[in-house]
1. For the stretch 54-95, which positions are part of a helix (DSSP H, G or I), surrounded by fewer than 18 Cβ atoms within 10 Å (Cβ to Cβ) and without any contact (Cβ under 8 Å) to a residue 40 or more places away in the chain?
2. Test Ala30 against the stated conditions and say whether it is in a helix (DSSP H, G or I), closer than 16 Å to Tyr116 by Cβ and in contact with a strand residue (DSSP E or B) (Cβ under 6 Å, 6 or more places away or on another chain).
3. Check whether at least one residue in the stretch 142-153 is surrounded by fewer than 12 Cβ atoms within 10 Å (Cβ to Cβ) and modelled with pLDDT of 80 or more, and report yes or no.
4. Just one of Ser90, Ser74, Ser61, Ser127 is within 19 Å of Trp152 (Cα to Cα) and either out of contact with any Phe, Trp or Tyr (no Cβ under 6 Å at 6 or more places or on another chain) or of a type in the set (Val, Ile, Thr) (or both); which is it?
5. So, Leu118, is that one over 29 Å from Glu8 (Cα atoms), out of contact with any Leu (no Cβ under 9 Å at 6 or more places or on another chain) and in contact (Cβ under 8 Å) with a residue 40 or more places away in the chain or not?
6. When you scan the stretch 117-127, do you find a residue that is at pLDDT 95 or above and hydroxyl-bearing (Ser, Thr, Tyr), even just one?
Amino acid sequence: MYIYLSKEKMQEAFLQYMEEIFAHPEVVNACVKDIVITRENLNEAGKQAFEAGFHDIYSDSDVHIKVSLPKDGSVTQEDYLKRIDRFGVSKDTSLGWMFGAENNVHRIIFKNGMRYDLIFEFENGDSKLQLEPCQSDPENEKWPSENIKRFWFIQIQALGKLYRKDYLISDHLANTNCNETLVMQMVMRDSEHKTNHHRYG
């Protein structure tokens, strides 16, 4: 797969993704740096926000998304954060992604080359949001899909750092995935031999 990125293409993709975000009625606003994007100013503020967050074609966009949840507690923050698929994140659209529970951030690399940190913030309001259960594929309990998504996210992040000539972080991330690959091979070995201990590797 070949990805061509330019500042113009990235801005176009960013604005299109903002439209997808605001397709959800519970989204109050989105913020990049100090620029607040709403449905009313999406195009103008969206361009300003993209410009504020752009450093080079390897930049990701840190987008704070404020969401209004029902006052009755029928949808919790935890419920909402599990449904990142509603924001276009899936195996078909994304190269890799991972979730940081400590600050409610989903880190995503899409197949079009765009990278986002989506940081969710919540308030209780008049939202009538209802969430259907997420349809998930069967899991391998010894190597869950979260590991796979994280692996590919880090792999591409390492490549981005390499292109930026940030060699130390690139090497660190690549080394992290080398270790992850070793663990994965041990899991495969244990599955093949139906055991979890070995006298020799």
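1. Kept after step one, since they are part of a helix (DSSP H, G or I), are these residues of the stretch 54-95: 77-81, 84-87.
Okay, now just the ones that are also surrounded by fewer than 18 Cβ atoms within 10 Å (Cβ to Cβ), so 77-79, 81, 85-86.
Within the stretch 54-95, Glu78, Leu81 meet the criteria.
2. Numbers: in a helix (DSSP H, G or I): no; closer than 16 Å to Tyr116 by Cβ: yes; in contact with a strand residue (DSSP E or B) (Cβ under 6 Å, 6 or more places away or on another chain): yes.
Criteria not met by Ala30.
3. Looking only at the stretch 142-153, we keep the residues that are surrounded by fewer than 12 Cβ atoms within 10 Å (Cβ to Cβ), and these are 144.
With the extra rule that they be modelled with pLDDT of 80 or more, the set shrinks to 144.
Looking for residues that are surrounded by fewer than 12 Cβ atoms within 10 Å (Cβ to Cβ) and modelled with pLDDT of 80 or more, one finds at least one in the stretch 142-153, hence yes.
4. On the way: Ser74 fails: within 19 Å of Trp152 (Cα to Cα); Ser61 fails: either out of contact with any Phe, Trp or Tyr (no Cβ under 6 Å at 6 or more places or on another chain) or of a type in the set (Val, Ile, Thr) (or both); Ser127 fails: within 19 Å of Trp152 (Cα to Cα).
After ruling out the rest, the residue left standing is Ser90.
5. Working: over 29 Å from Glu8 (Cα atoms): no; out of contact with any Leu (no Cβ under 9 Å at 6 or more places or on another chain): yes; in contact (Cβ under 8 Å) with a residue 40 or more places away in the chain: yes.
So Leu118 fails the test.
6. Looking for residues that are at pLDDT 95 or above and hydroxyl-bearing (Ser, Thr, Tyr), one finds none in the stretch 117-127, hence no.
Yes or no, residue by residue, for (1) outside any loop (DSSP other than H, G, I, E, B); (2) loosely packed, with under 14 Cβ neighbours inside 10 Å; (3) assigned by TED's automatic domain parsing to the domain that holds Ile65:
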position	(1), (2), (3)
Gln11	yes, no, yes
Gln16	yes, yes, yes
Glu19	yes, yes, yes
Pro25	no, yes, yes
Glu40	no, yes, yes
Ala45	yes, no, yes
Gln48	yes, no, yes
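The values are calculated or read from the model by the stated rules, or taken from the named source; none is laboratory data. Everything quoted here is computed from the prediction, not taken from an experiment. FYI the Cβ positions are ideal-geometry reconstructions off the backbone, even for glycines, and counts take in every protein chain you see.
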